[in-house]
1. Placing +1 at every Lys and Arg Cβ and -1 at every Asp and Glu Cβ, with all other atoms neutral, what dipole size does the chain have around its Cα centre, in debye to the nearest 20?
2. Pick from 47, 75, 22: which residue has the top mean-square fluctuation in a GNM of the chain where Cα pairs under 10 Å get a spring?
3. Tally Lys and Arg at +1 and Asp and Glu at -1 over the other residues with C-beta under 13 Å from the C-beta of residue 9: what net charge comes out?
4. Note down the net charge around residue 28, summing +1 for each Lys or Arg and -1 for each Asp or Glu among other residues with Cβ under 9 Å from its Cβ.
5. How do the peptides 34-45, 1-12 rank, highest first, by the average count of neighbouring beta carbon atoms within 10 Å per residue?
6. How far, in degrees from 0 to 90, does helix 73-82 lean away from the longest principal axis of the Cα atoms of the chain, to the nearest 10?
7. Rounded if a/c is under 1.5, else prolate if a/b is larger than b/c, else oblate: which is the stretch 2-82, with a ≥ b ≥ c the root eigenvalues of its Cα gyration tensor?
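Just so you know, all these numbers are worked out from the coordinates, no wet-lab data involved. Since the model is a prediction, treat every value here as computed from it, not as a measurement. Cβ atoms come from the backbone with ideal geometry, glycine included; neighbour counts cover every protein chain shown.
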Amino acid sequence: MARIRAAFPDWREEIEEVVFEADRIVVRYVSTGTQDGPFLDRPPSGAKVRVDGISIFRIADGRIAEQWCLIDDLAFFQQIRQGAG
């Protein structure tokens, strides 16, 4: 997360939906930010990115026992590649 925050200083994650079912919690969220710093092999582009994500948590004994996360990496890198254009 430190690399994301360094490259996207205005990075935000906004929860759009939370679903509780039995021992599962599902969180759907949107991440946004502007690439004002270098990220991996890409120089700062000024690109504004918006990426959808979902996290699923399994709860056991009142604690998070497992977590699975999925974000749209392809959309993320396409937006960086396109730049601020």
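1. 320 debye
2. Looking only at 47, 75, 22, the biggest GNM fluctuation is shown by 22.
3. +2
4. Computed value for this residue: -3.
5. Result, highest mean first: 34-45, 1-12.
6. 20 degrees
7. Because a/c hits 1.5 or more and a/b exceeds b/c, the stretch 2-82 counts as prolate.
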